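Participant: Just dropping this structure here.
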Amino acid sequence: MRAQKSYGQLILTLTNREDCTIAKQLIIKKRNEEAHRINEKIRGVREVRLVGENVEVGVYPIERALTIADDLNLDLVEISPNAEPPVCRVVDYQKFLYQQKKREKEIKAKTVKMVVKEIRFGPQTDDHDYNFKLKHAQSFLKEGCKVKAFVFFKGRSILFKEQGEVLLLRFANDLEDIAKVDSLPVLEGKRMIIMLSPKSTKK
């Protein structure tokens with residue numbers, strides 16, 4: 001009898017795009033199932049601490065815990081395997097996974113992705129160009145973006161690196177009302193860089 005292919009082998013042998021999508025979904029489902037031991041898969045323990053709705057919280061022999069879950073037409077899910085004794089929840093496992101996934105999405109939605117905008121100067125930028133770029137930086141910062149300002153030294157202009165540093169410090173000083181300095185000017189190759197973040201408007 002041929003050995004059954006693993007989920008990883010299955011996806012490697014599939015060439016149809018639709019089949020690959022199905023295989024990926026199977027892998028995700030398999031990983032979710034392996035994230036927790038449930039019901040009869042909870043082995044090697046004599047007793048568990050039981051929690052969940054419509055159950056009396058306490059420590060029970062594993063056989064009794066399985067019976068309680070079965071009587072309620074629910075699953076016994078091991079949620080803290082390293083506790084002593086392990087903690088198991090009596091719950092509908094599919095509903096448990098759904099709620100867990102929903103919480104993860106909510107946390108991800110609350111995580112603000114910071115956008116970084118770049119402002120480029122030459123070592124001998126004139127006032128007109130400087131003010132034009134300063135206004136752009138003010139706009140970016142007010143939108144909540146970080147600003148990565150840098151002076152690019154081309155050829156022998158690297159001799160003016162002190163002048164570039166002065167320009168970037170002036171730039172940070174002109175933006176101090178709306179920006180904080182994340183890092184002071186630092187030379188990286190042919191670029192001297194300063195990082196600025198918008199100041200929090202929370203009171």
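Participant: Can residue 151 be described as β-branched (Val, Ile, Thr), assigned to a strand (DSSP E or B), in contact with a helix residue (DSSP H, G or I) (Cβ under 7 Å, 6 or more places away or on another chain) and not assigned by TED's automatic domain parsing to the domain that holds residue 73?
Facilitator: Yes; evaluated as a whole, the condition is true for this residue.
Participant: What single numbered condition from (1) farther than 30 Å from residue 77 by Cβ; (2) modelled with pLDDT of 90 or more; (3) out of contact with any strand residue (DSSP E or B) (no Cβ under 9 Å at 6 or more places or on another chain) fails to hold for residue 147?
Facilitator: (3)
Participant: Name the residue, out of 125, 111, that is crowded, with 17+ Cβ neighbours inside 10 Å, closer than 30 Å to residue 198 by Cβ and at pLDDT below 90.
Facilitator: Exactly one residue qualifies, and that residue is 125.
Participant: Residue by residue through segment 96-125, note down the ones that are closer than 30 Å to residue 156 by Cα and aromatic (Phe, Trp, Tyr).
Facilitator: Once the filter is applied, which keeps residues that are closer than 30 Å to residue 156 by Cα and aromatic (Phe, Trp, Tyr), segment 96-125 yields only 121.
Participant: Could you tell me whether any residue of segment 173-186 is assigned to a helix (DSSP H, G or I), free of Cβ contacts under 8 Å to residues at least 12 places away in the same chain and either crowded, with 17+ Cβ neighbours inside 10 Å or not β-branched (Val, Ile, Thr) (or both)?
Facilitator: We begin by selecting, within segment 173-186, every residue assigned to a helix (DSSP H, G or I); these are 173-174.
Going one step further and asking which of them are free of Cβ contacts under 8 Å to residues at least 12 places away in the same chain, we end up with 173.
Now restrict to residues that are either crowded, with 17+ Cβ neighbours inside 10 Å or not β-branched (Val, Ile, Thr) (or both): 173.
Taking every residue of segment 173-186 in turn, at least one turns out to be assigned to a helix (DSSP H, G or I), free of Cβ contacts under 8 Å to residues at least 12 places away in the same chain and either crowded, with 17+ Cβ neighbours inside 10 Å or not β-branched (Val, Ile, Thr) (or both).
Participant: Somewhere in segment 85-95, is a residue in the same structural domain as residue 193 (by TED's automatic domain parsing), part of a helix (DSSP H, G or I) and of a type in the set (Phe, Trp, Tyr)?
Facilitator: Checking segment 85-95: not a single residue is in the same structural domain as residue 193 (by TED's automatic domain parsing), part of a helix (DSSP H, G or I) and of a type in the set (Phe, Trp, Tyr).
The values are calculated or read from the model by the stated rules, or taken from the named source; none is laboratory data. The model shown is predicted, which means the values in this text are computed figures rather than measured ones. For neighbour counting, all protein chains shown are included, and Cβ atoms are generated from backbone atoms with ideal geometry for every residue, glycine included.
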